[in-house]
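Asker: What follows is a single structure, and I will ask about it in a moment.
The values are calculated or read from the model by the stated rules, or taken from the named source; none is laboratory data. All values reported here derive from a predicted model rather than from experimental measurement. For neighbour counting, all protein chains shown are included, and Cβ atoms are generated from backbone atoms with ideal geometry for every residue, glycine included.
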Amino acid sequence: MQDNTPEHDTEDDFDGPSKSQLKRDSTALQKLGDDLLALPESRWEPLSLPEILYDALKAAKKITNFEGKRRQMQYIGKLMRRVDPEPIREAVAAFKLGHAQDSLKLHQSERWRERLLASDDALQEFLAEHQGVDIQQVRNLVRAARKDAANEPEKRSGRAYRELFQFIKASEAHAAADDAPADE
């Protein structure tokens, strides 16, 4: 019996990435370019981007047409192949982390406001955690916010309600600054 299968020639093997992998890499760079576009322009400067990429990003910010924006993002993805993507990924991650931390702080302030309005025990906890705040001011703000909530229970946006939130947010920022290690 004769074997009709051709012999395997090792010189015909291709060791490079597959076409699918190249497409995935290109799409990932285009997505990174999109993330870079979301950063403020002041965050682009430390990245030492090539001028052609910088100009393409600035042009993309001005384009409002969907198809035009899509094509510009493809062009940015193409230009991104020429730069090291790691510093850009780090800058995007740092920016997103900063936004996440800011959002977390706002949620913490919101929870404190809800707790302060719900019970008097929370006021003592707040004062224990935030040394140096004006106790009388906190009590007045809580009292006024409770009065606003009692007058209009479905509407939680009275002036005192907002002022209490701003006071808590400032107290949290002051407490965070006090907890930060001093630079030597």
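Asker: What number of residues in the stretch 41-68 are free of Cβ contacts under 8 Å to residues at least 40 places away in the same chain and under 17 Å from residue 90 (Cα atoms)?
Answerer: Within the stretch 41-68, the first condition is being free of Cβ contacts under 8 Å to residues at least 40 places away in the same chain, and the residues that meet it are 41-42, 44-45, 48-68.
Still in the list and also under 17 Å from residue 90 (Cα atoms): 41-42, 44-45, 48-49.
The qualifying residues number 6.
Asker: Pick from the stretch 14-39 the residues that are surrounded by 10 or more Cβ atoms within 10 Å (Cβ to Cβ) and of a type in the set (Gly, Ala, Ser): which of them is farthest from residue 78 (Cα to Cα)?
Answerer: The initial filter retains those residues of the stretch 14-39 that are surrounded by 10 or more Cβ atoms within 10 Å (Cβ to Cβ), namely 17, 21-39.
Next cut, of a type in the set (Gly, Ala, Ser) only: 26, 28, 33, 38.
Working: 26: 7, 28: 11, 33: 10, 38: 18 Å.
Per the criteria, the residue is 38.
Asker: In the list 5, 64, which residue meets the criterion of being more than 30 Å from residue 128 (Cβ to Cβ) and modelled with pLDDT under 85? Even if it seems obvious, please write down each step before you answer.
Answerer: Details: 64 fails: modelled with pLDDT under 85.
5 is the lone residue from the list that is more than 30 Å from residue 128 (Cβ to Cβ) and modelled with pLDDT under 85.
Asker: Among the numbered criteria (1) over 16 Å from residue 110 (Cα atoms); (2) surrounded by 12 or more Cβ atoms within 10 Å (Cβ to Cβ); (3) at pLDDT 85 or above, which one does residue 133 miss?
Answerer: Among (1) over 16 Å from residue 110 (Cα atoms); (2) surrounded by 12 or more Cβ atoms within 10 Å (Cβ to Cβ); (3) at pLDDT 85 or above, residue 133 violates only (3).
Asker: Would you say residue 128 is surrounded by 13 or more Cβ atoms within 10 Å (Cβ to Cβ), modelled with pLDDT under 90 and not assigned by TED's automatic domain parsing to the domain that holds residue 35?
Answerer: Working: surrounded by 13 or more Cβ atoms within 10 Å (Cβ to Cβ): no; modelled with pLDDT under 90: yes; not assigned by TED's automatic domain parsing to the domain that holds residue 35: yes.
Considered against the rule, which asks whether it is surrounded by 13 or more Cβ atoms within 10 Å (Cβ to Cβ), modelled with pLDDT under 90 and not assigned by TED's automatic domain parsing to the domain that holds residue 35, residue 128 comes out as no.
Asker: Tell me yes or no: at least one residue of the stretch 67-89 is modelled with pLDDT of 85 or more, on the phi < 0 side of the Ramachandran plot, hydroxyl-bearing (Ser, Thr, Tyr) and exposed (fewer than 12 other Cβ atoms within 10 Å of the Cβ). Before the answer, list the steps.
Answerer: To start, the set of residues in the stretch 67-89 that are modelled with pLDDT of 85 or more comprises 67-89.
Filter again for on the phi < 0 side of the Ramachandran plot, leaving 67-89.
Remaining after also requiring hydroxyl-bearing (Ser, Thr, Tyr): 75.
This time we only want the ones that are exposed (fewer than 12 other Cβ atoms within 10 Å of the Cβ), so: none.
Looking through the stretch 67-89, none of the residues is modelled with pLDDT of 85 or more, on the phi < 0 side of the Ramachandran plot, hydroxyl-bearing (Ser, Thr, Tyr) and exposed (fewer than 12 other Cβ atoms within 10 Å of the Cβ).
Asker: Let me ask you something else. Which fully enclosed helices (runs of 4 or more DSSP H) of the stretch 54-152 have 2 or more residues being touching a Cys at 6+ places or on another chain (Cβ under 7 Å) and among the acidic types (Asp, Glu)?
Answerer: Numbers: elements: 66-80, 85-118, 120-129, 135-151.
Per the criteria, no element qualifies.
Asker: Hey, can you tell me all the residues within the stretch 136-154 that are over 33 Å from the mean Cα position of the chain (by Cα), loosely packed, with under 11 Cβ neighbours inside 10 Å and modelled with pLDDT under 85?
Answerer: Hits for the stretch 136-154 are 150, 151, 153.
Asker: Now for a separate question. Which one is nearest to the chain's Cα centre (by Cα) among residues in the stretch 27-53 that are among the aliphatic types (A, V, I, L, M) and not in a helix (DSSP H, G or I)?
Answerer: Of everything passing the filter in the stretch 27-53, 39 is nearest to the chain's Cα centre (by Cα).
Asker: Can you tell me which residue in the stretch 40-56 is surrounded by the most Cβ atoms within 10 Å (Cβ to Cβ), limited to those that are within 24 Å of residue 97 (Cα to Cα) and in contact with a Phe, Trp or Tyr (Cβ under 7 Å, 6 or more places away or on another chain)?
Answerer: As a first pass, look at the stretch 40-56 and keep what is within 24 Å of residue 97 (Cα to Cα): 40-49, 54.
Among the residues that remain, those that are also in contact with a Phe, Trp or Tyr (Cβ under 7 Å, 6 or more places away or on another chain) are: 43-44, 54.
Numbers: 43: 14, 44: 18, 54: 16.
Taking the candidates together, the pick is 44.
Asker: Consider residue 131 against the criteria (1) more than 19 Å from residue 161 (Cα to Cα); (2) under 30 Å from the mean Cα position of the chain (by Cα): it satisfies all of them except one. Which criterion is unmet?
Answerer: Of (1) more than 19 Å from residue 161 (Cα to Cα); (2) under 30 Å from the mean Cα position of the chain (by Cα), only one is false for residue 131: (2).
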